[in-house]
Amino acid sequence: MDGFLVIDKPGGMSSQQVVTCVKRSCGVRRAGHTGTLDPLATGVLVVALGRATRLIPFLDEGVKGYEGELCLGVETDTYDADGTVVCRYRGEINLARAEIAAAAAAFTGGIDQVPPVFSAIKHQGKPLYRLARQGRPVVPPSRRVTVERFTIDSVDLPRATFTVVCSRGTYVRSLVHDLGRRLDCGAILTRLRRTQSGPFRIAAAVSLVAIEEGGAAVGAATLIPPAAVLDGWPTVRLGDERQLDLVVHGQPLEVPEAAVENLCDGALTRLLDDAGRLVAVAAATLTEAGVELRIKRGFMG
């Protein structure tokens, strides 16, 4: 079974626990997720099965979408409801929705964000959350992220719901924490649901319960083929056994310019067999003779 499953991750599970469950239920040996979700979070978790795991480095999941809820007036060490309370605001929280929305808007565009000390980012080979649990928290350096949208959708103090559209690598927990600091009252994340990860949307997701109950049959029925994930890429359809043999063995291939759909010099290109299955990802370079395709990753065999 080779392809991608969009799992609607339940709360209370780590991303790796979801992957382990999918492997067992679908009877596959190789599987991996394309982007971690915290245990508190639900929603889109993309799981690659079989040879599709080779495609993970080539996926464009640069845009993430979330819906969530925050609570004002409190801070925890993890920046969410799963953490230990480190500070409570003693005053009265009397903020209008417009004030909270204006503060959230200040975190849109390109911003420098400091990730939480309880995160999967590694320091000297160890995840930060392990060091934090050992009482040796390490504050990671700030990173540049892009927040396209951070809107406050409703307010019922001390709670508020929000929507975030952001770049890969953005920590919504940190956004909420920083918003609380800007409002001078503190804030934690209490609920988070990922609705989009690149081309993968919540509408295409299948529940983990359905996978557990239906096993490989449900997995196969909802599987997204590797070739479909790269839809829109420059494409070469291999027309004979000689070309296929060269590609399978990782050898470069010369084709006429007309053989490449949506040709773009230097771009990664998907190579398909006559049945439309993904054979390889290659880098395309224009030459005097046509287009040279150098194999970056094979998916057959």
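Bear in mind these aren't lab numbers, they're just calculated from the coordinates by the rules spelled out. Given the structure is predicted, the values throughout are model-derived calculations rather than measurements. Positions of Cβ are backbone-derived with ideal geometry, glycine not excepted, and every protein chain shown enters the neighbour counts.
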>> Quick check: pseudo-label points 7 Å beyond the Cα along Cα→Cβ at Ser142 and Glu241, how many nm apart are they?
In response: 6.2 nm
> Over the range 142-301, what relative contact order in percent results from Cα pairs under 8 Å that are six or more residues apart?
Replying inline: 14 percent
> Under a straight-distance cross-link criterion of Cα-Cα below 21 Å, which lysines are reachable from Lys23, leaving out those fewer than 8 residues away in the same chain?
Replying inline: Lys9
>> Suppose we take every Cα in the range 51-197 and form the convex hull; what volume per residue is that in Å³?
In response: 122 Å³
>> Can you match mean projected area of the Cα convex hull in nm² to one of these, [x] 18.4; [y] 15.7; [z] 22.1, based on a calculation from the structure here?
In response: [x]
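Treating only the Cβ atoms of Lys and Arg (+1) and Asp and Glu (-1) as charged, compute the dipole magnitude of the range 233-298 about its Cα centre; round to the nearest 20 debye.
Around 360 debye, computed over the range 233-298.
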> Can you pull the Kirkwood radius for the range 233-298, inverse mean 1/r over Cα pairs, to one decimal in Å?
Replying inline: 11.3 Å
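Summing -39500 (n - 2.57) over the DSSP H runs of n ≥ 4 in the chain and dividing by its residue number, what mean residue ellipticity at 222 nm do you reach, to the nearest 500 deg cm²/dmol? Present the calculation step by step, with values, prior to reporting the outcome.
On the way: 7 runs with 65 residues, N = 301.
-6000 deg cm²/dmol, from helical runs alone.
Counting other beta carbons within 10 Å of each Cβ, put Phe58, Phe150 in order, fewest first. Numbers along the way, then the final one.
Values: Phe58 15, Phe150 25.
Ranking Phe58, Phe150 by Cβ neighbours within 10 Å, fewest first, gives Phe58, Phe150.
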> In square nanometres, what is one fourth of the surface area of the convex hull spanned by the alpha carbons of the range 127-171?
Replying inline: 4.8 nm²
> Pick from Val247, Val176, Val46: which is most flexible by mean-square fluctuation in a GNM of the chain where alpha carbon atoms under 10 Å apart are linked?
Replying inline: Val247
> Excluding the sites themselves, what is the longest stretch of the chain that contains no GluC sites (Glu not before Pro) in a DSSP loop with at most 15 other C-beta atoms within 10 Å?
Replying inline: 93-287
> What is the dipole size for the range 63-195, taken about its Cα centre, with +1 at each Lys and Arg Cβ and -1 at each Asp and Glu Cβ, in debye to the nearest 20?
Replying inline: 680 debye
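What share of Cα pairs, in percent, lie more than 20 angstrom apart in the range 171-301?
Working: 5171 of 8515 pairs.
Summing the P(r) of the range 171-301 above 20 Å gives 61 percent of all pairs.
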> Using the count of nearby Cβ atoms within 10 Å as a rough guide to exposure, how do Val281, Val85 rank from fewest to most?
Replying inline: Val85, Val281
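Using Cα pairs closer than 8 Å and at least 6 residues apart in sequence, work out the relative contact order for the range 63-195, in percent. Don't skip to the end; give the middle numbers.
Numbers: 287 pairs, mean separation 55.6, N = 133.
Relative contact order, the range 63-195: 42 percent.
For a quick check of your reading of the filter: which trypsin sites (Lys or Arg not before Pro) in the range 24-106 sit in a DSSP loop and have no more than 12 other Cβ atoms within 10 Å? Please report the intermediate quantities before stating the final value.
Values: sites: Arg24, Arg29, Arg30, Arg51, Arg54, Lys64, Arg88, Arg90, Arg97; in loops: Arg29, Arg30, Arg90.
The qualifying sites are Arg29, Arg90.
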> Which one of Gly12, Leu246, Leu45 is farthest out on the positive end of the charge dipole of the chain, using unit charges on Cβ (Lys, Arg +1; Asp, Glu -1) and the Cα centre as origin?
Replying inline: Gly12
>> Using Cβ counts within 10 Å as a stand-in for footprinting exposure, how do Arg294, Arg242 rank, fewest first?
In response: Arg242, Arg294
> What is the sum of charges around Glu61, taking Lys and Arg as +1, Asp and Glu as -1, for the other residues whose C-beta is under 11 Å from the C-beta of Glu61?
Replying inline: +2
